[in-house]
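Novice: The structure under discussion is supplied below as structure tokens; questions concerning it will follow.
The values are calculated or read from the model by the stated rules, or taken from the named source; none is laboratory data. Small disclaimer: the values here were computed from a predicted structure and weren't measured. So basically every Cβ, Gly included, is an ideal-geometry build from the backbone, and we count neighbours across all protein chains shown.
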């Protein structure tokens with residue numbers, strides 16, 4: 001069995017993952033396809049199945065898993081009703097928000113924690129989770145709400161400085177960095193499915209190499225940015241000049257509530273803005289991304305794009321895209337697939353950032369390639385190389 005601990009486990013994405021696991025183990029006949037299952041190039045790989053994964057996680061929210069999933073509205077009610085008991089029996093480790101993040105603190109009545117206390121709690125919880133389920137391997141996946149950015153700091157450069165900042169509860173360390181540190185120290189592979197800083201900093205990447213831990217991230221590519229990384233290469237291939245790309249998003253889930261705060265929203269927008277220039281090879285175009293919190297929409301999100309292009313003689317043309325998705329239904333399969341890949345790469349002896357998983361992320365760490373099918377080709381090549389060993 002493979003253990004999976006989700007940071008932000010009472011959120012919409014995480015409870016959708018947990019519901020899928022419970023449904024699979026209950027033998028419920030419902031579609032639960034994964035990207036890796038749909039690619040013939042990976043048909044020979046022995047991945048762990050969803051039924052071979054044990055789930056739990058951390059959150060500042062203490063309501064039951066079934067209540068949280070029902071509130072998010074992504075999983076059909078008929079399925080939730082049939083898995084309520086096994087869903088609520090999954091492991092849960094309560095934590096508090098770090099004491100100086102007022103936006104995240106506003107989502108919970110949990111007592112705030114210092115960074116050192118949070119790290120200690122996470123490490124003890126990982127140990128308890130392993131003992132409870134008899135696990136030798138745990139993958140930690142961050143699916144929590146987007147954090148505000150953290151400026152570069154000396155504590156990001158070396159382990160001694162990082163641990164001193166941790167002891168001093170320094171604001172130079174984000175909560176995602178603390179979670180990543182605790183997980184790496186416990187030998188857990190880490191996936192950052194959020195735009196938060198996490199293991200962006202040199203000290204944590206070095207620590208992962210020292211501990212033989214694989215890393216993958218960041219910010220799951222599920223909707224608007226996904227089709228941007230398909231459409232933009234198409235424009236370049238057809239010699240259509242991009243003049244402007246206007247993107248807007250509305251969503252009403254907990255992530256949307258956090259993104260209503262300008263500092264947290266800026267982190268997400270930076271991630272969504274980062275892809276076009278690299279794919280097109282030029283920057284003389286207008287690119288705007290807007291995110292709006294709209295509570296009536298819940299976990300259903302809408303992305304709307306107006307794309308202005310020009311062709312021969314500078315003749316203007318437009319493309320309009322309207323994406324109506326359910327955030328968690330798009331994201332949850334990628335989370336499960338990334339767990340499978342992390343097990344594969346850990347078994348292959350990979351440590352540090354696994355850049356070949358870039359197709360799953362908006363801001364892939366370890367590569368500058370953003371075009372979707374170039375990224376998929378990277379993964380094909382990496383697997384081919386490993387399978388030839």
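Novice: Kindly check whether there is at least one residue in segment 3-19 that is surrounded by fewer than 24 Cβ atoms within 10 Å (Cβ to Cβ) and free of Cβ contacts under 8 Å to residues at least 40 places away in the same chain.
Specialist: Taking every residue of segment 3-19 in turn, none turns out to be surrounded by fewer than 24 Cβ atoms within 10 Å (Cβ to Cβ) and free of Cβ contacts under 8 Å to residues at least 40 places away in the same chain.
Novice: Just for helices (runs of 4 or more DSSP H) wholly inside segment 33-146: which have at least 1 residues that are exposed (fewer than 14 other Cβ atoms within 10 Å of the Cβ)? Give the derivation first.
Specialist: Working: elements: 65-72, 77-88, 102-105, 115-133.
Fully inside segment 33-146 and qualifying: 77-88, 102-105, 115-133.
Novice: Any idea which residue in segment 147-156 is nearest to the chain's Cα centre (by Cα), counting only those that are in a loop (DSSP other than H, G, I, E, B) and touching a residue at least 24 places away in the same chain (Cβ under 8 Å)? Write out each step before concluding.
Specialist: Within segment 147-156, the first condition is being in a loop (DSSP other than H, G, I, E, B), and the residues that meet it are 147-153.
From what is left, the residues that are touching a residue at least 24 places away in the same chain (Cβ under 8 Å) are 147-150.
Numbers: 147: 12, 148: 16, 149: 16, 150: 18 Å.
That would be 147.
Novice: Among the listed residues 359, 363, identify the single one that is crowded, with 22+ Cβ neighbours inside 10 Å and either in a helix (DSSP H, G or I) or not assigned by TED's automatic domain parsing to the domain that holds residue 290 (or both).
Specialist: 359
Novice: With respect to the numbered conditions (1) assigned to a loop (DSSP other than H, G, I, E, B); (2) under 18 Å from residue 41 (Cα atoms), which one is the sole condition not fulfilled by residue 283?
Specialist: Here residue 283 clears every test but (2).
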